[in-house]
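Please treat every number below as a calculation from the coordinates, not as lab data. Given the structure is predicted, the values throughout are model-derived calculations rather than measurements. Cβ atoms come from the backbone with ideal geometry, glycine included; neighbour counts cover every protein chain shown.
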Amino acid sequence: MAVELYDEHEQSERVRGWLRENGAALVVGVVLALGGIFGFRQWESYQEGQGALASDFYTAVQQEIEADQLDAAREQLQRMQEAVGDHAYVDLGTMLLAGAEVEAGEHEAARDHYTALLERTAGTALEPLVRLRLARLEAATGRAEAGLALLQGERPVGFESLWLEARGDLLAELGRTDEALAAYDEAVAQLEGEGNNARQVQTKRDALRSAAGETEAS
């Protein structure tokens, strides 16, 4: 029994000694851990609030566009950027606005938005779509070389046929018929079994081939 009591006493003294030596660090560790938990919850709540705010702004941008109020839509987008910073809704709102600007013939404004968006979305899943839209805008405004430069390099996964079709359009615009036909052929192969999408590219290819044949015949 004496030995057992001694062991309990010794263990108790060891615990007290450890607490004397490490108590401050322990308290700090607990405080930091609790602070981390509460801090994370606060951050999570903040993020949820930012997401809700960004969603409301995006809806406002969308409504202004639907009402053909592009200046008001630009103002809402600017306010959203100031309120939530780099948020996915800002990128989506920019895409929406740039598309509306293209339809309204405001090509320079659309180019500015797409160019800024391309820088922000570099390396993200949205980049290929932004690149495609900007390339098509460049082609539509007589800047096919600039558009083609945007589509250089490896084709992004999931965008292969769109990439090839856009390249075909740009190459045809530049008079590089053989390269354009090759791009269309590859796009058609990629789109095998996809119905209307494949037929659309086939129509472009056949029209270009026919025009090239008529030119050679004359």
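Quick check for me: using +1 on Lys/Arg Cβ and -1 on Asp/Glu Cβ, what's the dipole size of the range 50-120 about its Cα centre, in debye to the nearest 20?
Using Cβ point charges on Lys, Arg, Asp and Glu, the range 50-120 gives about 220 debye.
Does the range 88-148 classify as rounded, prolate or oblate by the C-alpha gyration tensor (a ≥ b ≥ c root eigenvalues; a/c under 1.5 gives rounded; else a/b over b/c gives prolate, otherwise oblate)?
Working: a/c = 2.32, a/b = 1.26, b/c = 1.84.
Oblate, because a/c is 1.5 or more while a/b does not exceed b/c.
Can you give the charge dipole size of the range 105-173 about its Cα centre, rounded to the nearest 20 debye, using +1 on the beta carbon of Lys and Arg and -1 on the beta carbon of Asp and Glu? If you can, show how the numbers build up before the last one.
Values: 8 positive and 12 negative charges, 23 e Å.
Rounded to the nearest 20 debye, it is 120 debye.
Return the sequence-ordered ³J(HN,Hα) values of the range 119-130 in whole Hz as given by the Karplus equation 6.51 cos²θ - 1.76 cosθ + 1.60 applied to θ = phi - 60°, using x for Gly and Pro.
Each residue of the range 119-130 in turn: 5, 6, 9, 3, x, 9, 5, 7, 4, x, 5, 4 Hz.
Give me the distance in nm between label points sitting 7 Å out from Cα along the Cα-to-Cβ direction at ALA149 and LEU174, one decimal.
1.1
At 7 Å along the Cα-to-beta-carbon direction for both ALA72 and LEU129, put a label point, then send me their distance in nm to one decimal.
Label-label distance for ALA72 and LEU129, simple model: 2.6 nm.
Highest first, please rank the peptides 180-192, 82-94 by the mean number of other Cβ atoms sitting within 10 Å of their residues.
Packing proxy ranking, top to bottom: 180-192, 82-94.
Evaluate the relative contact order of the range 50-120 (contact order divided by residue number), counting alpha-carbon pairs under 8 angstrom at least 6 apart; express in whole percent.
29
Quick check on the range 50-120: take the gyration tensor over C-alpha atoms, sort the square-rooted eigenvalues as a ≥ b ≥ c, and tell me if it's rounded (a/c under 1.5), prolate or oblate.
Judged from the Cα gyration tensor, the range 50-120 comes out oblate (a/c at least 1.5, b/c at or above a/b).
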